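Engineer: First, the structure itself, so that you have it in front of you.
Any read-out appearing in this document is the output of simple, stated calculations on the displayed coordinates, not a laboratory observation. This is a predicted model, so every value here is computed, not measured. Here the Cβ positions follow ideal geometry from the backbone for every residue, glycine too, while neighbour counts run over all protein chains shown.
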Amino acid sequence: MVTGGAGFIGSHIVDGFIEKGYEVVVADNLSTGKRENINPRAKFYNVDIQSSSLEDVFDKERPDFVDHHAAQICVSKSIREPLFDVHVNILGSLNLIKCSKKYNVKRFIYASTGGAIYGEPNYLPCDEAHPVNPLSPYGVSKHTVEHYLYLYYTNYGLDCRVLRYSNVYGPRQDPYGEAGVIAIFTERMLRNNRVIINGDGNQERDFLYVSDAVRANLLSIENSLHFKMTGKKKFSDFIYNLGTGKGTSVNRIFRMLKGITHYQLEPLHAPPKTGEVYKIFLNAEKAKRELGWEPTVYLNEGLKRTASWFEKAGKKI
């Protein structure tokens with residue numbers, strides 16, 4: 001089962017599992033996801049993760065694995081509507097975790113955040129041991145779910161993997177939301193609209209192409225043998241940063257996309273957003289060492305693929 005399987009990252013993960021031969025169930029309420037993103041070979045349930053109807057899906061489908069990507073993902077919205085963020089990200093996730101325990105799910109994969117969970121870094125790149133001091137309700141809610149997974153792992157033996165994503169980008173990302181600067185810039189450039197940069201543009205992020213995120217999810221399902229062999233038991237052993245280890249400024253993203261799309265205008269600047277970290281990039285050596293994962297799509301190539309997809313999508317976006 002992939003929650004949020006009609007969304008940007010979730011739909012790519014569904015495709016990846018199906019290509020590997022898995023039978024996939026998608027649970028998504030289509031609040032931000034799109035029906036056209038759903039792989040036709042997946043079974044789709046239009047259900048909210050907060051709903052009691054979610055248990056009916058578990059009872060009918062009996063999933064072996066749950067890959068949890070349904071979420072409220074916008075930092076700005078979490079600041080404007082912190083209670084909404086709590087309901088979706090914490091209560092919805094807890095409902096899913098309870099169902100996973102009741103129906104004996106073999107492994108629970110949780111999409112957390114490395115971009116928002118650590119707060120303003122004490123050191124860079126951040127590894128998994130870095131102090132957790134989020135600056136937004138979104139970061140707080142995503143980390144809270146990690147604590148619930150800890151207690152369900154410790155008290156009930158629910159097998160988990162936590163993937164702390166950096167800034168994932170690529171085809172299908174929503175250009176009209178507030179969460180994906182690459183998607184927003186690309187869409188506006190292709191339509192020859194002015195691009196707005198919040199703050200001075202020197203803020204840095206760790207940008208990860210979506211296919212690399214997909215591979216990490218597949219490896220998180222398929223690496224059971226490693227832990228049986230090494231006897232790992234601490235919950236912290238199952239937390240992984242996913243990133244490139246390099247920070248890229250928003251100004252550089254603008255310049256790179258400007259060249260790729262042949263955009264002629266200069267950006268406008270707006271005030272910085274409340275609750276956003278200024279510079280963050282992640283140390284993913286643990287994922288490389290234990291999952292056999294590392295990013296394979298370099299930024300320039302990923303931006304070209306993304307711009308090409310947006311250009312072909314055209315008015316459908």
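Engineer: What does the highest-first list of 303-312, 236-245 look like by mean Cβ count within 10 Å?
Structural biologist: 236-245, 303-312
Engineer: Restricting to the chain, what percent of DSSP beta bridges are antiparallel, rounded to 5?
Structural biologist: 5 percent
Engineer: Taking 7 Å along the Cα-to-C-beta vector as the label spot, tell me the LEU30-GLU294 distance in nanometres, rounded to one decimal.
Structural biologist: 4.3 nm
Engineer: Separate question: Around LYS246, under 15 Å between beta carbons, what's the net of Lys plus Arg minus Asp minus Glu among the other residues?
Structural biologist: Charge balance near LYS246 sits at -3.
Engineer: Compute the separation of the alpha-carbon centres of the stretch 244-300 and the stretch 1-59 and state it in Å as a whole number.
Structural biologist: 28 Å
Engineer: Could you work out how far the C-alpha centroid of the stretch 86-127 sits from that of the stretch 161-211, in angstrom?
Structural biologist: Going from one Cα centre to the other spans 21 Å.
Engineer: Just from its helices, what would the mean residue ellipticity at 222 nm be for the chain, if runs of 4 or more DSSP H residues each count -39500 (n - 2.57) and the sum is divided by every residue, rounded to the nearest 500 deg cm²/dmol?
Structural biologist: Result for the chain, helices only: -11500 deg cm²/dmol.
Engineer: I would also like to ask the following. Is the shape of the chain rounded, prolate or oblate, going by the alpha carbon gyration tensor and its root eigenvalues a ≥ b ≥ c, with a/c under 1.5 for rounded and a/b larger than b/c for prolate?
Structural biologist: prolate
Engineer: Continuing with the same structure: Given R₀ = 22 Å, what would the calculated FRET efficiency be for ARG191 paired with SER308, taking r from the Cβ atoms and rounding to 0.05?
Structural biologist: Efficiency at R0 = 22 Å is approximately 0.90.
Engineer: Is any residue of the stretch 25-55 close enough, with backbone N under 11 Å, to a label point placed 7 angstrom from the Cα of ILE18 along the Cα-Cβ axis, and if so, which?
Structural biologist: Output list for this probe position: 25-26, 36-44.
Engineer: Moving on. Given H placed on each backbone N at 1.01 Å, which residues far from ALA70 in sequence or on other chains put an amide H within less than 5 Å of it?
Structural biologist: Placed amide hydrogens put THR3, GLY4 under 5 Å from ALA70.
Engineer: Which FRET efficiency value, to the nearest 0.05, is calculated for GLU55 and PHE84 with the Förster distance at 35 angstrom and r the Cβ-Cβ distance?
Structural biologist: With a Förster radius of 35 Å, E is 0.95.
Engineer: Extension gain LYS101-GLU301, at 0.36 nm per residue separation less the Cα-Cα distance, in nm?
Structural biologist: In short, 67.9 nm is gained.
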